[in-house]
Structures are given as C-alpha cells and as structure tokens.
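Following: one structure in structure tokens, then a few remarks.
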Amino acid sequence: MSVRIRLKKFGAKARPYYRIVVMDSRSARDSKTIDELGYYHPIEAEDQQIRIDEAKVREWLAKGAQPTDTVRSILNRKGIRLG
C-alpha cells in the first residue's frame with residue numbers, strides 16, 4: 001500500500017480549508033484517513049494559515065509516506081525540510 005501525505009478539503013465553496021492527512025494513494029480526496037497531521041487555512045491571516053504536528057510528519061516520512069507537491073510546498077513554508 002502506497003501512503004501519501006495530502007490535503008483533505010473542508011469548508012464552503014468560497015471559504016475552503018484543508019486538513020493535512022495521511023491516506024492511501026488510491027483513495028478519493030475526501031475518503032477515510034489514516035492519520036491527521038495538521039491543517040491549512042489559505043484565507044486566514046499569514047501567521048494562522050498553517051498548523052502542523054512536526055513530530056508526526058517526520059514519523060510518517062520515516063515510514064515512507066510521500067507528500068504531494070502542494071503539501072511539500074506547505075512543509076517548506078513551515079520550515080520542515082524533506083530528506
């Protein structure tokens with residue numbers, strides 16, 4: 001099973017927010033998750049947009065989970081360097 005760290009969409013049409021989650025790569029965007037790592041609110045103020053549990057992220061990366069391109073850029077913005 002290939003595991004990805006990706007975004008799961010919530011919120012209304014004009015007010016989206018996302019949870020950063022660990023999921024099977026073959027499952028749909030809004031299906032069941034394995035673990036939740038944080039959230040991303042693109043509409044909020046800059047200092048409140050991203051909240052991530054860095055320890056969980058590093059744990060899942062060590063287990064072989066691959067982040068999507070969007071999640072990779074969010075992690076880089078937060079200062080979490082990959083590999």
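Since every read-out is calculated from the coordinates, none of them should be taken as a lab result. Fair warning: this is a prediction, and the values are worked out from it, not measured in the lab. Backbone-built Cβ (ideal geometry, glycine too); neighbour counts: all protein chains shown.
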**Request:** Starting from the Cα of residue 69, step 7 Å along the direction of its Cβ; do the same at residue 82; then give the gap between the two resulting points in nm.
**Result:** 1.2
**Complete:** Whole-percent tail of the Cα-Cα distance distribution for the chain, cut at 20 Å, equals 28
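Say R0 is 25 Å: what FRET efficiency, to the nearest 0.05, do residue 35 and residue 13 get from their beta-carbon distance?
About 0.35, to the nearest 0.05.
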